[in-house]
Amino acid sequence: MKKMWIIIGVILLCLLGVSLFFFFNYEKKDSIEDKLKQNGYSNAEVTLILNMVSNNDYDLVLNLGYDKSLISILSSSDYQESLFENYIEYYVKNKDENINDIITIVNSGYDLMDYPASSLLASLVKEKYYINNNVARYLDYGNSHNVDSKKVISMVNSKADLGFYSNIYDSDLNVGNLVLVNKFYHLKEDYTPNDLVTLSGQYNRGANNKMRKEAADALMKMVDAAGLENITIYNVSAFRSYDYQVNLYNGYIKRDGQVAADKYSARPGYSEHQTGLCADLNNVSDSFDGSDEAIWLKNNAYKYGFILRFPKGKEDITGYKYESWHYRYVGIEAAKVIYEDDITLEEYYAYYIEKAPS
């Protein structure tokens, strides 16, 4: 009997606690409702606030006084109740900015509360290859160049906003087929891949006929596949040593001057050919563009792990003029992303390699 009374007592205490909770909760809600109306909110606006804002955040609302922008925030289809404090904090700092931009920036999940709201920043955070560590440079570049947000992302991620051959880094050889060599990343003079193999027979018509084994195997597979469609593909220039590039580059400078040479030839140590992962195919000439072979490569090379390394329209990112003949092996997985998203190796590297550790 005693045990039963204890159980009943516990139940009654629980019921009392629940009743008191709801009583004070509704009491508080009624009080908030009155204060909101006193601040000038209409009945519909009060109802919206009470439905869309948690009890813990009512004081934030009251501190704003009457503010029509608050209603705009709560009425947005993108509003998230869990981010209410962030919306208010960011809005208070950026009262003159577009409410939708404020919501977009907060919803992005990036740490941007100290950056001024703007339509540029709102468009940047929606880009697939946005990297939060680059936001200051994005804004600097975007505010000083009349280009869209996608272009801003591409230029900054590839470091092209810094100026070519500036901020030089050693190429990271630990990333295998994705090693980046360009006008920012370079190889040492004595670097030579230790797994070079010779291309011969139908696969080669050039003196520089060596590639790293995995790349060479993929190239031969691609050449065979093209042959089944009556398309003839072959290497004319693959691996080049540092010393070879010295002579080649200096020859171009002597002929055309350094400014012109830099548009189509790499400085020693900055040439992809030293990686053993790329090959110039068929015809190193602008006349190759538009040929059946060039069209086939553009549409199919990614299936074998190769990318068109210096595509048309990306010269300001790669630093080189369009080369329809220059293909680089990166592996099938990376090549597919680069091809389908129409990006460069610079952009892929920034997002999937450099960004990954952070």
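The values are calculated or read from the model by the stated rules, or taken from the named source; none is laboratory data. The structure presented is a predicted model; accordingly, all values stated were derived computationally and were not measured. Every residue, glycine among them, receives a Cβ derived from its backbone with ideal geometry; neighbour counts consider all protein chains shown.
Which of the following residues is more than 19 Å from VAL179 (Cα to Cα) and either hydrophobic (A, V, I, L, M, F, W, C) or outside the structural domain of PHE184 (by TED's automatic domain parsing) (or both): LEU277, LEU308, LEU345, LEU297? Give the steps one after another, and end with the answer.
Details: LEU277 fails: more than 19 Å from VAL179 (Cα to Cα); LEU308 fails: more than 19 Å from VAL179 (Cα to Cα); LEU345 fails: more than 19 Å from VAL179 (Cα to Cα).
The conditions single out LEU297.
Considering only the stretch 188-213, state which residues are buried (at least 21 other Cβ atoms within 10 Å of the Cβ) and within 32 Å of the chain's Cα centre (by Cα).
Listed by number, the residues that qualify are MET211, ARG212.
Among the candidates ASP289, ASP262, which residue alone is acidic (Asp, Glu), farther than 22 Å from ALA215 by Cα, surrounded by 15 or more Cβ atoms within 10 Å (Cβ to Cβ) and under 28 Å from the mean Cα position of the chain (by Cα)?
Details: ASP289 fails: under 28 Å from the mean Cα position of the chain (by Cα).
Selected residue: ASP262, the only one of ASP289, ASP262 that is acidic (Asp, Glu), farther than 22 Å from ALA215 by Cα, surrounded by 15 or more Cβ atoms within 10 Å (Cβ to Cβ) and under 28 Å from the mean Cα position of the chain (by Cα).
Is there any pair with a first residue in the stretch 81-97 that is among the polar types (S, T, N, Q) and a second that is part of a helix (DSSP H, G or I) and surrounded by 12 or more Cβ atoms within 10 Å (Cβ to Cβ) whose Cβ atoms are under 8 Å apart and which are 6 or more apart or on different chains, and what are they?
Sorted first by the residue in the stretch 81-97, then by its partner, the pairs are ASN86/VAL106; ASN94/ILE102.
Residue pairs, Cβ under 6 Å, 6 or more apart or interchain, first in the stretch 183-195 and assigned by TED's automatic domain parsing to the domain that holds TYR169, second small (Gly, Ala, Ser). List them.
That search, which allows pairs on different chains as well, returns LYS183/GLY319; TYR185/SER171; HIS186/GLY269; LEU187/SER171; LEU187/GLY269; PRO193/GLY276.
Any residue that is hydrophobic (A, V, I, L, M, F, W, C), farther than 30 Å from VAL259 by Cα and not in a helix (DSSP H, G or I) - is there at least one of those in the stretch 345-357?
Pass one, the stretch 345-357, residues hydrophobic (A, V, I, L, M, F, W, C): 345, 350, 353, 356.
Of the ones still in play, those that are also farther than 30 Å from VAL259 by Cα are 353, 356.
Filter once more, keeping what is not in a helix (DSSP H, G or I): 356.
Yes, the stretch 345-357 contains at least one residue that is hydrophobic (A, V, I, L, M, F, W, C), farther than 30 Å from VAL259 by Cα and not in a helix (DSSP H, G or I).
Right, LYS37: at pLDDT below 90, touching a helix residue (DSSP H, G or I) at 6+ places or on another chain (Cβ under 9 Å) and either in the same structural domain as THR104 (by TED's automatic domain parsing) or under 21 Å from ASP101 (Cβ atoms) (or both) or not?
Numbers: at pLDDT below 90: no; touching a helix residue (DSSP H, G or I) at 6+ places or on another chain (Cβ under 9 Å): yes; either in the same structural domain as THR104 (by TED's automatic domain parsing) or under 21 Å from ASP101 (Cβ atoms) (or both): yes.
No: the conditions fail for LYS37.
Of these, LEU48, LEU62, which one is modelled with pLDDT of 95 or more, surrounded by 10 or more Cβ atoms within 10 Å (Cβ to Cβ), over 27 Å from LEU124 (Cβ atoms) and within 44 Å of the chain's Cα centre (by Cα)? Explain how you work it out, then say what you get.
Details: LEU62 fails: modelled with pLDDT of 95 or more.
None of the others qualify; the one that does is LEU48.
Kindly provide the set of residues from the stretch 126-181 that are within 17 Å of the chain's Cα centre (by Cα) and of a type in the set (Gly, Ala, Ser), ordered by number.
ALA136, GLY142, SER149, SER154, SER158, ALA160
Check whether at least one residue in the stretch 304-326 is over 22 Å from ASP170 (Cα atoms), crowded, with 20+ Cβ neighbours inside 10 Å, in contact with a Cys (Cβ under 8 Å, 6 or more places away or on another chain) and in contact (Cβ under 8 Å) with a residue 12 or more places away in the chain, and report yes or no.
The answer is yes; a qualifying residue exists.
Could you list, in sequence order, all residues of the stretch 291-303 that are free of Cβ contacts under 8 Å to residues at least 40 places away in the same chain, over 26 Å from ASN157 (Cα atoms) and assigned to a helix (DSSP H, G or I)?
Listed by number, the residues that qualify are ALA294, ILE295.
Report, by residue number, each residue of the stretch 69-101 that is over 19 Å from SER119 (Cβ atoms), of a type in the set (Asp, Glu) and surrounded by 13 or more Cβ atoms within 10 Å (Cβ to Cβ).
Within the stretch 69-101, GLU85, GLU89 qualify.
Considering LEU83, LEU112, LEU74, LEU121, which residue is more than 29 Å from LYS355 (Cα to Cα) and either modelled with pLDDT of 95 or more or of a type in the set (A, V, I, L, M) (or both)? Explain how you work it out, then say what you get.
Numbers: LEU83 fails: more than 29 Å from LYS355 (Cα to Cα); LEU112 fails: more than 29 Å from LYS355 (Cα to Cα); LEU121 fails: more than 29 Å from LYS355 (Cα to Cα).
None of the others qualify; the one that does is LEU74.
From ALA216, ALA226, grab the single residue that is under 30 Å from the mean Cα position of the chain (by Cα), among the small types (Gly, Ala, Ser), in the same structural domain as GLY319 (by TED's automatic domain parsing) and assigned to a helix (DSSP H, G or I).
ALA216
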